[in-house]
Amino acid sequence: MTALTIALSKGRIFDETLPLLAALGMDPAGDIDRLLRVPSRNKDVSLLIVRASDVPTYVEYGAADLGVVGKDVLMEHGGSALYEPLDLGIAQCRLSVAAKKDGPRPDGVRRLRVATKYPEITRRHFAAKGEQVEIIKLYGSMELAPLVGLADLIVDLVATGSTLKANGLVEIETICQVTSRLVVNKAAMKMKNAAIQTLIAQIAERVQAGKTRPGKGK
Ligand code: AMP
């Protein structure tokens with residue numbers, strides 16, 4: 001069979017992709033705490049453990065044939081260099097604008113400061129609304145920025161809303177819904193077409209079965 005490499009990140013995406021990989025006999029067969037390139041139970045498939053924001057880069061340059069990545073990361077990266085054949089429906093959340101309960105709101109007059117690790121998405125979002133904002137790039141703990149006066153607003157992922165609430169912030173606008181996507185390197189899609197199409201079909205079948213299982217999804 002054709003050798004395939006799949007890039008994915010630790011954390012929520014990894015945890016939620018694992019059952020899918022296990023169902024296809026591709027779960028890790030090595031020490032996932034230490035190894036960054038992990039063999040899977042299928043000898044033709046290996047897994048690369050990379051930072052979430054690096055998954056599109058690994059796949060774009062062909063270091064991995066496929067990847068699992070959040071739509072947020074894809075939108076920020078600019079996804080046109082990759083194929084995105086499948087919405088896996090996992091790691092569901094939304095990308096939102098949040099502010100202090102009693103803090104300033106965009107009013108088309110004041111130039112507010114927005115802290116985010118998604119400067120591109122944020123720039124496009126506010127530009128489309130004709131709002132002038134100053135963007136402050138952060139790498140984490142965005143919720144802190146409005147509390148200490150670093151920013152008026154944040155753009156961050158929200159799942160249950162409890163992190164915002166715990167920090168006295170409120171969601172003022174949803175930019176988009178986010179789920180994890182399967183992405184494929186364009187050259188690999190041609191060179192390894194049969195193997196990749198088979199894998200996509202197998203994953204799609206699992207995703208569909210998950211959705212139609214009673215009590216799951218829509
Ligand atoms: P929550 O308190 O459930 O709204 O979760 C919000 C926190 O979890 C924020 O710090 C987010 O950055 C992070 N978060 C939520 N969903 C995801 C996801 N799908 N992937 C990565 N981080 C997430």
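The values are calculated or read from the model by the stated rules, or taken from the named source; none is laboratory data. Note that the coordinates shown come from a computational prediction; the quantities given were computed from them, not determined experimentally. Neighbour counts run over all protein chains shown; Cβ positions are idealised from the backbone, glycine included. Calculation scope for accessible area: heavy atoms of the full protein, side chains included, ligands and nucleic acids excluded. Shrake-Rupley method; radii C 1.70, N 1.55, O 1.52, S 1.80 Å.
So, in the range 159-184, of the ones that are of a type in the set (Val, Ile, Thr), within 30 Å of LEU4 (Cβ to Cβ) and near the ligand (Cβ under 9 Å from one of its atoms), which residue ends up surrounded by the fewest Cβ atoms within 10 Å (Cβ to Cβ)?
This residue is THR179.
List the residue pairs whose Cβ atoms are under 6 Å apart, where the first residue sits in the range 77-90 and is among the acidic types (Asp, Glu), the second is not in a strand (DSSP E or B), and the two are 6 or more positions apart or on different chains.
ASP87/THR179
Just need a number here: residues in the range 21-52 that are buried (at least 17 other Cβ atoms within 10 Å of the Cβ) and within 21 Å of LEU157 (Cβ to Cβ).
Of the residues in the range 21-52, 3 are buried (at least 17 other Cβ atoms within 10 Å of the Cβ) and within 21 Å of LEU157 (Cβ to Cβ).
Among (1) within 16 Å of the ligand (Cβ to nearest atom); (2) assigned to a loop (DSSP other than H, G, I, E, B); (3) not charged (D, E, K, R), where does ALA99 come up short?
It is condition (2) that ALA99 fails.
Contact list please: Cβ distance under 6 Å, first residue in the range 170-183 and touching a residue at least 60 places away in the same chain (Cβ under 8 Å) and more than 19 Å from ALA81 (Cα to Cα), second residue acidic (Asp, Glu) and open to solvent by less than 20 Å² (accessible area, probe 1.4 Å), pairs at least six apart or on different chains.
Close Cβ pairs satisfying both conditions: VAL178/ASP72.
Could you give me the residue pairs with C-beta distances under 7 Å whose first residue belongs to the range 48-67 and is closer than 19 Å to ASP33 by Cβ, whose second residue is part of a loop (DSSP other than H, G, I, E, B) wherever it lies, and which are 6+ apart or on separate chains?
Matching pairs, first to second residue: LEU48/LEU36; LEU48/ALA64; ILE49/LYS10; ILE49/ILE32; ILE49/LEU36; VAL50/SER9; ARG51/SER9; ALA52/SER9.
Hey, among the residues in the range 1-53 that are assigned to a helix (DSSP H, G or I) and touching a helix residue (DSSP H, G or I) at 6+ places or on another chain (Cβ under 7 Å), which one's farthest from ALA91 (Cα to Cα)?
Looking at residues that are assigned to a helix (DSSP H, G or I) and touching a helix residue (DSSP H, G or I) at 6+ places or on another chain (Cβ under 7 Å), I get ALA23.
Any idea which of HIS125, HIS77 is more than 29 Å from ALA187 (Cβ to Cβ) and open to solvent by less than 70 Å² (accessible area, probe 1.4 Å)?
HIS125
Do you know which residues across the range 135-158 are within 13 Å of the ligand (Cβ to nearest atom) and open to solvent by 50 Å² or more (accessible area, probe 1.4 Å)?
Scanning the range 135-158 gives TYR139, SER141, LEU144, LEU157.
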